[in-house]
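See below for the structure under consideration.
The values are calculated or read from the model by the stated rules, or taken from the named source; none is laboratory data. All of these numbers come straight from a predicted model, not from anything done at the bench. Ligands, DNA and RNA are stripped out before the accessible areas are found, and what is left, the full protein with its side chains, is counted by its heavy atoms. Shrake-Rupley method; radii C 1.70, N 1.55, O 1.52, S 1.80 Å.
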Amino acid sequence: MVIICGISAWQLHATAPAIRDLSNWEEGPARLARREAARLRSNANEGIDAVAMRLDADLKGVSTPVHLMGDHLGSSRKSALVVPHRRFEDLRPEDVIPLGNDLYVLSIERTLLDLARSESFAQTVLRCLEACGIYAVSAETDRSRATVTDYLQAYATALSKP
């Protein structure tokens with residue numbers, strides 16, 4: 001079980017569903033190279049495998065490196081793609097949300113509790129207000145920006161056709 005945690009979990013929850021659910025229209029060279037590189041690494045840990053193939057899909061609003069915790073990530077090292085964390089001892093089943101393929105994300109409530117340990121009181125209050133829907137701030141990554149650009153270009157092309 002690999003769980004997205006920390007700021008990465010917050011960014012995933014903060015990504016607008018319309019952006020998160022859009023698939024990229026075309027496979028660009030950079031996307032294909034990243035996917036092939038992830039496939040070629042025979043010694044990649046389960047966290048890298050779980051995240052690498054989904055960066056251009058539902059994780060496009062999450063900046064890299066992605067913060068993960070899991071059963072077999074304890075001995076892993078930080079890389080350009082993932083930052084491993086120890087699994088919380090007090091983690092309950094209701095604290096995680098399944099994303100599919102043995103990848104999970106911490107719930108909003110648990111993410112807020114965990115981020116409150118390392119952030120100021122004011123930042124925690126702002127995150128709570130955002131979680132309540134008072135306002136929204138979505139982390140913009142190159143992947144999410146490319147998806148929106150591709151979508152807008154395809155939409156404009158569709159409008160220009162008779």
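Observations on the structure shown:
- Computed accessible area, Leu159, all protein chains, 1.4 angstrom probe, square angstrom: 120
- What the phi angles of the range 4-12 give under the Karplus curve with 6.51, -1.76 and 1.60, with θ = phi - 60°, is a coupling list of 6, 9, x, 5, 5, 5, 5, 5, 5 Hz, glycine and proline written as x.
- Carbon plus sulfur fraction of accessible area for the range 70-147, probe 1.4 Å, in percent: 56
- Rolling a 1.4 Å probe across all protein chains gives Arg20 an accessible area of roughly 60 Å².
- The range 64-162, relative contact order in percent, only Cα pairs under 8 angstrom and at least six apart counted: 13
- Remark: accessible surface ordering of Ile97, Ile134, Ile4 (largest first) is Ile134, Ile97, Ile4, probe radius 1.4 Å.
- When all protein chains stay in place and ligands, DNA and RNA are ignored, the 1.4 Å accessible-area order of Tyr104, Tyr151, largest first, is Tyr151, Tyr104.
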